[in-house]
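Since every read-out is calculated from the coordinates, none of them should be taken as a lab result. Remember, it's a predicted structure, so these values are computed and weren't measured experimentally. When we count neighbours, we look across all protein chains shown, and the Cβ atoms used for this are built from the backbone with ideal geometry, even at glycine.
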Amino acid sequence: MDERSRIRERTGNIPLAPGKHAAGDTVKAGGKSYTVEKRIAEGGEGDLYVVRDNRRRYALKLFHPGAHPNTKVLSALRPLRGKGYLVDVIETGDDFELMEYLPAGNASSAGLKGRPDAILAIVLKVAMILDEMHRAGVIHKDVKPANILIRNPEIWDCVLCDFGIADLLDKDGKCATLQVRTAVYAAPEVFTDAVTIQDRVYIELTPKADFYSLGMTALSLWMGEGAFLAQEQQLALDKIKGRVAVPADMPDPLARICRGLLIRNPQKRWAMRSRPDWA
C-alpha cells in the first residue's frame, strides 16, 4: 500500500479538498515533477509542501487561483541571494515558488521560551537581514516567528522568508500600501495612521515598522507564542498607548534591545543603522 492509500485508510477515505496534495502525490512545477513528502503550512496565498526529486528535498509553495509570487520584490532582493540573509528561492512561476528546504523549521516551532541567548542571536541576525532588505529597497511587512527559518540550530543562524506581502520602498524610503499584516506583530502606526479610501484601508510605512515587528517577535519568543497570542487584545491596546511592557525576567541585553525596538515613535525607534552598538 502506498503512502497516499495509507492516508486514505487512516482518514476514512475522505477525499482531499480541491488543490490539496497528500504524501506520495506527484506535482509539477516549472515543467518538472516532484514527489510530495508532506504539507507543512497553509495560508491565504497558497500551501507549502516538502517535496523531493532524484537529487534533493525542497520547499514548494503552490499558490491558490488568483494569487501569484511577488515578482517585483523577488527581483529587488536578487542581489541578496546566497549571502545567508534570505531563504533561497530557486525558481518561480506564475503559480509556484520552489525554495530550499530547511528541516530545522521556523522560530515559532523551535521552543525558545525563556532562552535569552538563542533569542538574542535570532534577533540580531534578523536585524541585519532587515537592514540589508531595506537597503535593497524592500520592506517585509510581516516579520514574525513563523517567517524566520532556522538554518543552523547550534548557533541559531537564521534566514527570513515569505515575501508575499512585502513591498518596494519609494525614493524617500516609504511605502504606501494596503493595510495587510499579522495584527499582533504589527507596528502601532499600521493602525493609528491608516486612511480609508473607497472601503479600502491604506497606510504609509517606513522600514521602522519592520523593526517594531522584530521587537514583538522577541517578546513572543521569550513568552512562548501561545502565551503571547493569548494577550493579543491587551497588547493591541498597549502598543497604541506606547507602553508594551518587557517582562521583568527578560535579561539584558535582550530586554534593552526589545525596549528599543518597541518604542512607539518610529523616529526614535531603534534600527540597525541607528544603533550600531545595540548588542
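Would you kindly derive the ³J(HN,Hα) couplings of the stretch 226-232 from the backbone phi angles with the Karplus curve 6.51 cos²θ - 1.76 cosθ + 1.60 (θ = phi - 60°), listing them in order in whole Hz, with x for Gly and Pro?
Taking θ as phi minus 60°, the curve returns x, 5, 5, 5, 5, 9, 3 Hz for the stretch 226-232.
Could you tell me which residue out of G93, G31, P79 lies farthest along the dipole of the stretch 16-100 toward its positive end? Charges go on the beta carbon: Lys and Arg +1, Asp and Glu -1, centred on the Cα centre.
Highest projection toward the positive end goes to P79.
T196 versus R57, label points 7 Å from Cα toward the beta carbon: distance in nm?
Reported label-point gap for T196 and R57 is 4.7 nm.
Quick one: which residues, 5 or more positions from A41 or on another chain, have an amide H under 5 Å from its amide H? H modelled 1.01 Å from N in the peptide plane, none for Pro or chain starts.
Residues meeting the amide H criterion: L48.
Mind telling me which of E154, E225, E100 comes out most flexible in a GNM of the chain, alpha-carbon contacts under 10 Å?
For the chain, modelled as a Gaussian network with Cα springs under 10 Å, the answer is E154.
Among the aspartates and glutamates, which have Cα under 16 Å from the Cα of K208 when same-chain residues fewer than 8 positions away are ignored?
D131, E132, D142, D167, D170, D172, E189, D193
Along the positive direction of the dipole of the chain (beta-carbon charges: Lys, Arg +1; Asp, Glu -1; about the Cα centre), which of P103, A218, Q233 reaches farthest?
A218
What Kirkwood radius, in Å to one decimal, follows from the Cα pairs of the chain? Mind showing how you got there, number by number?
On the way: mean 1/r = 0.0501 Å⁻¹.
After inverting the mean inverse Cα-Cα distance, the result is 20.0 Å.
Sort C158, C175 by Cβ crowding within 10 Å, fewest neighbours at the top. Numbers along the way, then the final one.
Working: C158 26, C175 20.
The order, fewest Cβ neighbours first, is C175, C158.
Given all pairs of different Cα atoms, what value in angstroms does the Kirkwood hydrodynamic radius of the stretch 16-100 take?
Working: mean 1/r = 0.0746 Å⁻¹.
Hydrodynamic radius (Kirkwood, Cα pairs) of the stretch 16-100 is 13.4 Å.
Cα-Cα over 24 Å: which of K83/K113; K171/K268; K72/K268; K125/K171; K144/K239? Display every interim value, and only then the final one.
On the way: K83/K113 29 Å; K171/K268 21 Å; K72/K268 30 Å; K125/K171 26 Å; K144/K239 16 Å.
Over 24 Å apart, Cα to Cα: K83/K113; K72/K268; K125/K171.
How do S75, S213 rank when sorted from fewest to most other Cβ atoms within 10 Å of their own Cβ?
On the way: S75 12, S213 26.
Going from least to most buried by this count: S75, S213.
Which one, A59, C175, L124, projects farthest toward the positive side of the charge dipole computed for the chain from Cβ point charges (K/R +1, D/E -1)?
Among A59, C175, L124, the one farthest towards the positive end of the dipole of the chain is L124.
Give me D for the stretch 107-261 in µm² s⁻¹, whole number, from Stokes-Einstein with Rh from the Kirkwood sum over alpha-carbon pairs, 20 °C and 1.002 mPa s.
For the chosen part, D equals 135 µm²/s.
Might you report the magnitude of the Cβ-based charge dipole of the stretch 16-100 about its Cα centre, with Lys and Arg at +1 and Asp and Glu at -1, to the nearest 20 debye?
300 debye
In whole angstrom, note down how far apart the Cα centers of the stretch 21-51 and the stretch 101-176 are.
24 Å
How large is the charge dipole for the stretch 68-179, taken about the Cα centre, if only the Cβ atoms of Lys, Arg (+1) and Asp, Glu (-1) carry charge, to the nearest 20 debye? Let's see the in-between values first.
Working: 13 positive and 16 negative charges, 75 e Å.
Rounded to the nearest 20 debye, it is 360 debye.
Only four residue types carry charge here, +1 at the Cβ of Lys and Arg and -1 at the Cβ of Asp and Glu. Report the dipole size of the stretch 107-261 about the Cα centre in Debye, rounded to the nearest 20.
With only Lys, Arg, Asp and Glu charged at Cβ, the dipole is about 200 debye.
So how do H21, H68, H140 line up by other beta-carbon neighbours within 10 Å, fewest first? It would help to have the intermediate numbers written out before the result.
On the way: H21 20, H68 16, H140 25.
Listed from fewest to most nearby Cβ atoms, that is H68, H21, H140.
Starting from the Cα of K28, draw a straight line to each of the lysines and keep only those under 18 Å, dropping any in the same chain fewer than 8 residues away.
Within the straight-line cut-off, K28 pairs with K20, K38, K61.
Spelling out what I want: for every residue of the stretch 239-244, take phi, set θ = phi - 60°, compute 6.51 cos²θ - 1.76 cosθ + 1.60 (Karplus), and round to whole Hz; glycine and proline get x.
Couplings: 5, 5, 7, x, 9, 5 Hz.
Explain nothing, just compute: Karplus ³J(HN,Hα) = 6.51 cos²θ - 1.76 cosθ + 1.60, θ = phi - 60°, for every residue of the stretch 149-161 in order, whole Hz, x for Gly and Pro.
9, 8, 8, 9, x, 6, 10, 6, 5, 8, 9, 9, 9
Cβ under 11 Å from L120's Cβ, L120 left aside: what net charge do those residues give with Lys, Arg +1 and Asp, Glu -1?
Working: positive: R115, K125, R256; negative: D117, D252.
Neighbourhood net charge equals +1.
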